[in-house]
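Peer 1: The structure's right below; bear with me while I get my questions together.
The values are calculated or read from the model by the stated rules, or taken from the named source; none is laboratory data. Bear in mind the structure is a predicted one, so any value in this text is a computation, not a measurement. Cβ atoms come from the backbone with ideal geometry, glycine included; neighbour counts cover every protein chain shown. Ligands, DNA and RNA are stripped out before the accessible areas are found, and what is left, the full protein with its side chains, is counted by its heavy atoms. Shrake-Rupley method; radii C 1.70, N 1.55, O 1.52, S 1.80 Å.
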Amino acid sequence: MSSIAASKTQQSKVCPRPSSWVACSASGDIHAKPAPSQVLPKRASTAKTTAECEYHAVIAARPCVICNALGMQQETPTSVHHMRSGAGLSQRSSHFLVLPLCYEHHQGKSGIHGNRSAWRLAKLEEMDCLALMIEQNLLEQGYV
Ligand SMILES: [Zn+2]
Ligand SMILES: [Zn+2]
């Protein structure tokens, strides 16, 4: 019976990370301020599933939510930011809680990992951006 070996290859689909993606490597340290005695688990060790990879590709193809909100022309490609809101006690956010951000509004000076001045200007938090993105998506698909 050689069919057992064949069925094993169906499991553990881990999607390779396209080199064009900008990793959200800064997540964790900036947002979470743990007590000195606390050691947080590292999110980097969690491999993405195929569905998560596909969702990230969809997000990376969307315009920056902050550029959009500020009516700005987006100047750099979209990267995927892992939201810290909703990460819960595990301090490990879901691969589905992500936002499309240009370089400046992600890791740039005015970005979420910077001084957040663009975010304050737009009067938006991560959750607001997620809601905006869902709304835009529904509009685009003709649901609302
Ligand atoms: Zn932007
Ligand atoms: Zn990020």
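Peer 1: Would you check which residues across the range 117-141 are surrounded by 15 or more Cβ atoms within 10 Å (Cβ to Cβ) and among the charged types (D, E, K, R) and list them?
Peer 2: Glu125, Glu126, Asp128
Peer 1: Right, next: Any residue in the range 62-78 that's in a helix (DSSP H, G or I) and within 6 Å of ligand 1 (Cβ to nearest atom): show its pairings with residues that are open to solvent by 50 Å² or more (accessible area, probe 1.4 Å) and at pLDDT 95 or above at Cβ separation under 9 Å, as long as the two are six or more apart or on different chains.
Peer 2: Once the first residue is in a helix (DSSP H, G or I) and within 6 Å of ligand 1 (Cβ to nearest atom) and sits in the range 62-78, its partners that are open to solvent by 50 Å² or more (accessible area, probe 1.4 Å) and at pLDDT 95 or above give Ile66/Met72; Ile66/Glu104; Ile66/Leu121; Cys67/Gln73; Cys67/Gln74; Cys67/Glu75; Cys67/Glu104.
Peer 1: Condition check: among the aliphatic types (A, V, I, L, M) and open to solvent by 50 Å² or more (accessible area, probe 1.4 Å). Does Ile66 satisfy that? Give the steps one after another, and end with the answer.
Peer 2: Details: among the aliphatic types (A, V, I, L, M): yes; open to solvent by 50 Å² or more (accessible area, probe 1.4 Å): no.
Criteria not met by Ile66.
Peer 1: Scan the range 44-58 for residues that are at pLDDT below 95 and either small (Gly, Ala, Ser) or under 26 Å from Arg120 (Cβ atoms) (or both) and jot them down.
Peer 2: Correct list: Ala44, Ser45, Ala47, Ala51.
Peer 1: Next up: Please verify whether the range 82-102 includes one or more residues that are modelled with pLDDT of 95 or more, of a type in the set (D, E, K, R) and either under 24 Å from Glu140 (Cα atoms) or open to solvent by 20 Å² or more (accessible area, probe 1.4 Å) (or both).
Peer 2: No, the range 82-102 contains no residue that is modelled with pLDDT of 95 or more, of a type in the set (D, E, K, R) and either under 24 Å from Glu140 (Cα atoms) or open to solvent by 20 Å² or more (accessible area, probe 1.4 Å) (or both).
Peer 1: What do you reckon, is Gln141 on the phi < 0 side of the Ramachandran plot and within 13 Å of ligand 1 (Cβ to nearest atom)?
Peer 2: So Gln141 does not fit the description; no.
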